[in-house]
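Structure first, then comments.
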Amino acid sequence: MAGSAADFDAHALGEYLSRNMEGLRLPLEVARFSGGQSNPTYRLTDAAGQHYVLRKKPSGPLLPSAHAVEREYRVMHALAGSRVPVPRMHCLCDDTSVIGTAFYVMEFLEGRIFWDPALPELDHATRAAVYADTNRVVAALHSVDPVLLNLADFGRPGNFVQRQVERWTKQYRASATETIPAMERMIEWLPQHLPEDTTTSIFHGDLRLDNMIFHPREPRVIAVLDWELSTLGHPLADFAYHALPWRLSAEQFRGMGGKDLAALGIPDEASYLRQYCQTTGRQVDAAAWEFYVAYSLFRLAAILQGILKRSLEGTASSPEALATGRKARVIADVAWAQVQALQR
């Protein structure tokens, strides 16, 4: 939902958009959406009452390659018309003189966002339908041919997981505010257990349920959002990150671990993974799957550490960022505990 007003020059933004977007009428009202930890997001309303969404980089110093709104724009623009639902893209601006950072404007979609993966606001049958459609959309994303969408250069070829482990190790080191022993152990363990599979697909990077908009009345995904971490990579690494709510509790981080999923109408992890494999035609080795889950937990901890660092520096986009960032140690401990369980 929309919260505070803009923290940039709304007049300058309006003048720019009036020259680069057809149909937009000035003056422009700007309201920042509450929630979210990464790229600040705003609802724009023009003089005709039409709504749009603006997404920008945070102000202040940023980690290398982080907050890549340009990549978000490119991949969503490429996916338009595919089986992966995305908002319509209106314009991308990399001229930082307009509002201080790069930004893009996209379609505003009326719909629902589910923040709790246990879906307490829905009934048994609707929960099952929501997860069935979510699975369908994720499988569709990982079945799209990047070459046909002119995204062949969207990521580097080969050694994806190795490069990702190295990348998130560097990101973690760059944002470290204290020593987390479990992260140090994961940094040592992961490179020694890399799977050899080199399958490549479009990789979203943050396939949480709350990064999707659902139809206002139907259990159907109408848009996948927040593509700033997208690249080309291994689909199972992407899907394992998507499946973390099955491994984590609500107290640990946005999970549903420990809940009676059958009573809720939500498939268990094995069933959800099986549906994905049947749709995509992939087979999953159990050991490889556990590696991807462990890697995903490590990656999540590194992301949370970055949020903590930005919060302490005063550049985080959400007032809840400090509490969220402090979950890095919790998730790192879960990751290492899982590795230890694998080694028994």
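The values are calculated or read from the model by the stated rules, or taken from the named source; none is laboratory data. Every value quoted in this text rests on a predicted model; they were computed, and no experiment measured them. Note that each Cβ is placed from the backbone with ideal geometry, even for glycine, and that neighbours are counted across all protein chains shown.
A few comments on the model shown:
- Residue match in segment 164-178 (condition: more than 18 Å from the chain's Cα centre (by Cα) and among the acidic types (D, E)): yes
- Test: residue in segment 77-100 that is farther than 28 Å from H234 by Cβ and of a type in the set (A, V, I, L, M): yes
- When each of I180, I187, I202 is tested for being β-branched (V, I, T), touching a Leu at 6+ places or on another chain (Cβ under 9 Å) and assigned by TED's automatic domain parsing to the domain that holds Q278, the lone residue that passes is I202.
- Qualifying residue in segment 97-110 (condition: under 26 Å from Q283 (Cβ atoms), assigned to a loop (DSSP other than H, G, I, E, B) and modelled with pLDDT of 95 or more): no
- Here I202, I222 are screened, and the one residue that is buried (at least 20 other Cβ atoms within 10 Å of the Cβ), within 17 Å of the chain's Cα centre (by Cα), hydrophobic (A, V, I, L, M, F, W, C) and modelled with pLDDT of 95 or more is I202.
Here is a yes/no grid of residues against (1) at pLDDT 90 or above; (2) under 22 Å from H204 (Cα atoms); (3) aromatic (F, W, Y); (4) out of contact with any Asp or Glu (no Cβ under 8 Å at 6 or more places or on another chain):
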position: A263; (1), (2), (3), (4): yes, no, no, yes
position: I266; (1), (2), (3), (4): yes, no, no, yes
position: E290; (1), (2), (3), (4): yes, yes, no, yes
position: R299; (1), (2), (3), (4): yes, yes, no, yes
position: Q305; (1), (2), (3), (4): yes, yes, no, yes
position: E320; (1), (2), (3), (4): no, no, no, yes
position: A328; (1), (2), (3), (4): yes, yes, no, yes
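- Members of segment 182-213 found to be in a helix (DSSP H, G or I), more than 19 Å from M76 (Cβ to Cβ) and in contact (Cβ under 8 Å) with a residue 12 or more places away in the chain, listed by number: A182, M183, R185, M186, I187, W189, L190, P191, H193
- Taking the criterion of being touching a Gly at 6+ places or on another chain (Cβ under 9 Å) and either buried (at least 16 other Cβ atoms within 10 Å of the Cβ) or free of Cβ contacts under 8 Å to residues at least 40 places away in the same chain (or both), the residues of segment 119-128 that qualify are L119, L122, R127, A128.
- Note on segment 84-94: among residues that are modelled with pLDDT of 95 or more and not in a strand (DSSP E or B), the one that is farthest from the chain's Cα centre (by Cα) is R88.
- For segment 216-261, the set of residues classified as within 28 Å of A287 (Cβ to Cβ) and of a type in the set (D, E, K, R) consists of D238, R247, R254, K259, listed by residue number.
- The test for being of a type outside the set (G, A, S), part of a helix (DSSP H, G or I) and closer than 23 Å to A288 by Cβ holds for V161.
- Of note, Y172 satisfies the criterion of being in the same structural domain as E269 (by TED's automatic domain parsing), over 18 Å from A223 (Cβ atoms), touching a Gly at 6+ places or on another chain (Cβ under 9 Å) and of a type in the set (F, W, Y).
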